[in-house]
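Please treat every number below as a calculation from the coordinates, not as lab data. Small disclaimer: the values here were computed from a predicted structure and weren't measured. No Cβ is skipped: glycine too gets one built from the backbone with ideal geometry, and neighbour counts run over all protein chains shown.
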Amino acid sequence: MKNFGLDIWGDNNFIIQNDTVNINHASKPSVLEITQEIREKGYKGPLLLRFPHLIEKQISTLFNTFEKAKEAFNYKGNFQAVFPLKVNQFPNFIHALMNVSKNYNYGLEAGSKAELIIAMTKTPLGAPITVNGFKDKEMISLCFIAAKMGHNITVTIEGLGELETIIQVNKEFNADIETPVSPKIGVRIRLHSSGIGIWAKSGGYSSKFGLTSTELLEAYEMLKKNTLLDHLWMIHFHIGSQMSDIAPLKKALREAGNIYAELKKRGAYALGAINIGGGLAVEYSQHEGKQERNYSLGEFANDVVYLMQEIAKSKGVAEPDIFTESGRYIAASHSVLVTPVLELFSQEYNAKALRLKKTNPPLIEELHDLYNSLSREHAREYLHDALDHMESLLTLFDLGYIDLEDRSNTEILVNLIIKKAISLLRDEGTDELKKLQDRIQEKYLVNFSAFQSLPDFWGLAQQFPIMPLDKLNIKPTNPASIWDITCDSDGEIGFNRDLPLYLHDIDVSKEEYFLGFFLTGAYQEVLGMKHNLFTHPTEAVIVFDTKGGYTIENLIEAQNLMDVLDDLEYDTNIMDKTLKYRIEESKHMSQEEKREVLGKLYLFLSENSYLKTIQAQNENEETQG
Ligand SMILES: *Cc1c(COP(=O)(O)O)cnc(C)c1O
């Protein structure tokens with residue numbers, strides 16, 4: 001894996017300069033210097049950095065690519081897009097998104113009442129809002145209120161029951177009104193075809209959503225009877241997220257296009273748009289040959305435009321507007337999670353830890369000799385001898401012939417031999433060597449929670465690109481597994497022989513070492529869990545100015561301990577009083593001590609759950625002393 005696969009997943013957003021990974025934009029600052037600047041303000045623990053210029057890039061690329069495809073085919077319909085709020089509803093993201101998308105008439109998609117309120121307040125009037133998912137009467141009423149405010153809103157019906165509610169709400173809102181206003185109506189269709197991959201439950205016949213052909217015909221009749229046919233304007237489908245292959249999309253497009261044309265010919269004269277949902281995949285892979293998608297955005301746009309045109313032509317109907325709701329594609333690249341490494345764990349396998357005796361069991365003496373005389377020429381042979389000796393020594397221990405110190409020496413020496421042999425034989429990369437890497441992997445304890453910040457790794461085994469922020473001029477040699485600070489064994493990104501990650505050998509008591517997790521901007525934040533009560537990390541928005549410099553804006557610190565408990569509906573006033581009372585009434589401290597302890601306690605309560613790095617502790621000691 002060269003450069004941590006940056007050329008595979010990086011999309012030119014980052015660049016390695018000297019020994020650091022830098023933002024490939026404006027003055028090209030390193031991620032490390034931005035991190036240091038924030039940490040100097042006193043914010044330790046994990047940091048989520050947001051880059052609005054990367055949101056802008058995704059939006060402009062999406063629109064420009066579709067415009068190009070439209071031009072190439074001389075397509076008459078418009079291209080429009082909305083952002084599905086479920087992908088990331090955090091205000092620092094949404095505000096940046098709306099700010100950078102002003103020139104594109106970009107809108108929002110809502111799937112719940114709370115999301116709809118975000119859409120109604122953050123979408124400029126005229127930009128599209130689409131509303132999907134299951135809706136009750138109140139939610140549909142909210143759509144009518146939005147329409148009456150002047151919003152360009154389309155409510156997608158997912159079933160006939162919803163259509164009945166729309167008809168009812170329409171009567172309540174618009175009876176006896178001189179100029180009735182209602183939202184536009186879309187219908188979600190139930191496809192024969194479905195997506196593939198770990199997320200592919202949204203499309204297909206067994207999907208939760210959508211109308212069958214029989215239901216579509218019935219919906220048409222219902223709309224006609226209730227004089228709402230002039231509002232039916234969109235056909236919608238969504239085949240699932242992170243579409244790895246383009247073939248299912250093409251099938252879905254043919255299905256949806258023909259449904260559009262058929263309904264239009266039947267008399268749905270206002271029908272004018274096909275909404276192809278989301279699903280554009282993001283390349284998360286760090287490894288050659290493990291790519292997650294088989295198409296480019298250009299191919300995707302050309303297919304959509306071409307197929308819609310073909311169907312419109314052959315059925316003699318107007319070319320529909322094309323809507324997309326891609327969310328992952330827009331949001332994923334905008335954030336980087338920066339995490340400090342707290343400790344390396346296999347340091348017990350260090351030559352310094354050997355407890356060799358005056359006379360050692362002969363096999364241990366031999367291991368020692370093998371280690372000292374290991375050379376490239378004999379590496380493989382000595383390695384096999386060492387592994388063989390180890391088996392014998394472990395058996396001797398089980399039978400009571402050698403003691404615990406001997407066993408410890410065995411483990412250390414064999415580990416040292418494997419490490420040395422692997423580094424000598426590195427270019428060979430044989431299966432045997434790859435297997436041995438599992439045995440000598442280094443465990444990096446990292447200041448973050450995988451449950452909070454990478455829930456899709458935990459739940460779906462989704463990989464995210466990981467790389468250190470500096471030392472990139474030095475070849476990393478430690479096969480690495482990453483441990484988060486939750487006390488749950490699932491909070492581990494284990495070393496994977498097929499997707500190996502190597503990190504540097506460092507002494508964290510002497511120097512800081514940070515890992516960046518990339519492409520974390522889609523889904524990870526709101527799906528994150530407060531396992532062990534680790535909360536959303538401290539976040540900041542990095543904004544580049546026209547002169548090339550950057551500013552750190554909208555810094556929001558991770559919640560402090562009492563706020564976390566307050567969120568769980570604990571009565572934190574009572575907790576506060578209890579803590580205070582227990583100190584005041586304690587029989588184990590003097591008055592002066594109590595005052596001091598109380599001061600310390602309140603300092604701790606004002607901080608968040610994440611650990612201070614060893615480095616930070618040293619700094620504190622320095623400033624205090
Ligand atoms: C989730 C969802 C999307 C977004 O999908 P991405 O894979 O993030 O692009 C779009 N439309 C609907 C209806 C969805 O449910």
Completion exercise
Classified through the alpha carbon gyration tensor (a ≥ b ≥ c as square roots of its eigenvalues; rounded if a/c is under 1.5, else prolate when a/b is larger than b/c, else oblate), region 351-438 comes out prolate
Fill in the blank from the handout: Interchain or sequence-distant (5+) residues whose placed amide H lies within less than 5 Å of the amide H of Ile16 are Asn22
Completion exercise
Distance in Å, no decimals, from the C-alpha centre of region 135-180 to the one of region 357-398 is 78 Å
Practice task
Note the full-extension length gain between Asn64 and Tyr570 as 0.36 nm times their separation in residues minus their Cα-Cα distance, in nm to one decimal.
Solution key: 177.1 nm
Completion exercise
A chain fully extended from Arg266 to Glu593 at 0.36 nm per residue, minus the present Cα-Cα distance, gains in nm 109.2 nm
Fill in the blank from the handout: So Lys28 and Thr551, fully extended at 0.36 nm per residue minus their Cα-Cα distance, gain in nm 187.0 nm
Handout entry: Gyration tensor verdict on region 75-326 (Cα atoms; rounded if a/c is under 1.5, prolate if a/b is larger than b/c, oblate otherwise)
Key = oblate
Practice task
Please tell me which of these pairs span more than 20 angstrom C-alpha to C-alpha: Lys113/Lys224; Lys352/Lys612; Lys135/Lys171?
Solution key: Lys113/Lys224; Lys352/Lys612
Problem - Of Lys358/Lys420; Lys68/Lys102; Lys250/Lys435, pairs whose Cα-Cα distance is over 31 Å - result: Lys250/Lys435
Exercise for the section: State the Cα centre-to-centre distance between region 30-62 and region 100-125 in whole Å. Expected result: 24 Å
Problem - Overall form of the chain per C-alpha gyration tensor (a/c, 1.5; a/b vs b/c) - result: prolate
Exercise for the section: Can you tell me the FRET efficiency between Asn78 and Ser586 if r is taken as the Cβ-Cβ distance and R0 is 56 Å, rounded to the nearest 0.05? Expected result: 0.20
Practice task
Please give the FRET efficiency for Ser408 paired with Asn473, using the beta carbon to beta carbon distance and R0 = 25 Å, rounded to the nearest 0.05.
Solution key: 0.10
Problem - Paramagnetic reach from Asn18 in region 30-45 [backbone N under 16 Å; point 7 Å along Cα→Cβ] - result: 30-37
Practice task
Report the calculated FRET efficiency for Leu603 and Ser509 (r = Cβ-Cβ distance, R0 = 30 Å), to the nearest 0.05.
Solution key: 0.80
Problem - Peptides 520-532, 441-453 ordered by average Cβ neighbours within 10 Å, highest first - result: 441-453, 520-532
